Amino acid sequence: MHKVLAHRCSVLLAASALLVGAAPSLAAPDWDIVGIRLGMTPAQARAALLAHAPKAEVTEFTRQFSFNDGVKDQQLPGFLGSIIARQGPTPGKSETLEVMFSAPPMEQRVIRVMRTLTMYNDPLPLERAVASLRQKYGKPSAVMESHTAMGNTSRWVEAGKTVCGNTAANSQDAREAPQVDNSPSGLGHYKAWHQRKLAPADASNCSAALVVNLVTVAPRNPLVREMKFVMTDPGHAVPAMQAAAKQIADLQAQARKVRQNSGPVPKL
């Protein structure tokens, strides 16, 4: 079980650049989305967000797990689950950034970054968008046309590790970054992959992935109205979820043992 608490804060931060900046091709974990990298600490991620979007409205979400001692729920300390930053919306243009962190007891790190740019009133030529992505991230592992013919999807994967999930060209997994979460309930995706032999026994060997969807204004249209970036690291996220699940199970077992051995025995 878990509950989400939102701590809302507004931060004054400069308008963001629309295109990803030019840089040499980088391999994960050195990919970045507007300066935010997988594996960053919460403090590093906050600093990167501030540098990118000093005027964004920032919301921090606290997550908290619980276990049952056999009679009542016991709460674990809350932790920073995610940060969402929003710029705009101005007419036809907005930006949303979401950064997710792994849960304790392992050290908290960035495990997912999502960025959505909308450009309805000032769409970007598809060729320029593709060129900008390649200049920033290098040649993608795969490029797939949208099922609706409204743009395309580019995918990069971390070299030297196993691509987890269904890699068949016609699968949905091939069009997405691997699913990650900071709750043990998110382990279902990895368990399903492992059962189907689509992931190694040691989840830390799963590669990170970056997926960018370019959405055009209409089918076969050369103008991009939306750019969606998703970058995830199951190689850290899954072991962190496993560690959190073990911690909760151990605490629950210990609490139930204490509960069984405590309490007064009534006079008979």
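Read the figures in this text as sums done on the coordinates, not as results from a lab. A quick note: this is a predicted structure, and the numbers were derived from the prediction, not measured. Methodologically, a virtual Cβ is constructed for each residue, glycine included, from the backbone with ideal geometry; neighbour enumeration extends over all protein chains shown.
To the nearest 500 deg cm²/dmol, what mean residue ellipticity at 222 nm is calculated for the chain from DSSP H runs of n ≥ 4 alone, each contributing -39,500 (n - 2.57), summed and divided by the residues?
Values: 4 runs with 59 residues, N = 268.
Roughly -7000 deg cm²/dmol at 222 nm, from the helical runs in the chain.
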**Asked** For segment 62-162, what D do you get in µm² per second when you plug the Kirkwood radius from alpha-carbon pairs into Stokes-Einstein at 10 °C and 1.306 mPa s?
**Response** 90
**Message:** Given Cα positions, please report Rg to Rh for segment 181-265, the hydrodynamic radius being the Kirkwood one.
**Reply:** 1.29
**Asked** For the chain, what is the convex hull volume of the alpha-carbon atoms per residue, in Å³?
**Response** 155
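Subtracting the Cα-Cα distance from 0.36 nm times the residue separation, let me have the gained length for Lys267 to Leu223 in nm, one decimal.
On the way: separation 44, 0.36 × 44 = 15.84 nm, distance 8.14 nm.
Roughly 7.7 nm would be gained on extension.
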**Request:** Could you tell me which chymotrypsin sites (Phe, Trp or Tyr not before Pro) in segment 95-140 are loop residues by DSSP with no more than 14 other beta carbons within 10 angstrom of their beta carbon?
**Result:** Tyr120
**Asked** Hey, got a sec? Which GluC sites (Glu not before Pro) in segment 92-144 land in a DSSP loop and have at most 14 other Cβ atoms within 10 Å?
**Response** Glu107
**Prompt:** Leaving out same-chain residues fewer than 8 places away, which lysines sit with a Cα under 20 Å from that of Lys139?
**Reply:** Lys161, Lys228
**Message:** Multiplying the sequence separation of Lys191 and Leu126 by 0.36 nm and subtracting their Cα-Cα distance, what value in nm do you get?
**Reply:** 19.6 nm
**Complete:** Here the tail fraction of P(r) beyond 22 Å, over all Cα-Cα pairs of segment 99-223, rounds in percent to 44
**Prompt:** If you take the Cα Rg of segment 47-110 and divide it by 2.2 N^0.38 Å, with N the number of residues, what do you get?
**Reply:** 1.53
**Message:** Restricted to Cα positions, what overall size does segment 123-172 have along the principal axes? Three whole-Å values, descending.
**Reply:** 35, 26, 11
**Message:** Which residues among segment 190-214 fall inside the zone where the amide N is under 16 Å from a point 7 Å beyond the Cα of Asn166, along Cα→Cβ?
**Reply:** 190-199
**Complete:** Karplus ³J(HN,Hα) for segment 42-59 (6.51 cos²θ - 1.76 cosθ + 1.60, θ = phi - 60°; Hz, whole; x = Gly/Pro) runs x, 5, 5, 5, 4, 5, 5, 4, 4, 5, 7, 9, x, 10, 6, 8, 10, 10
**Request:** Would you please name the trypsin sites (Lys or Arg not before Pro) within segment 182-268 that are DSSP coil residues with at most 12 other C-beta atoms within 10 Å of their C-beta?
**Result:** Arg196, Lys197, Arg220, Lys267
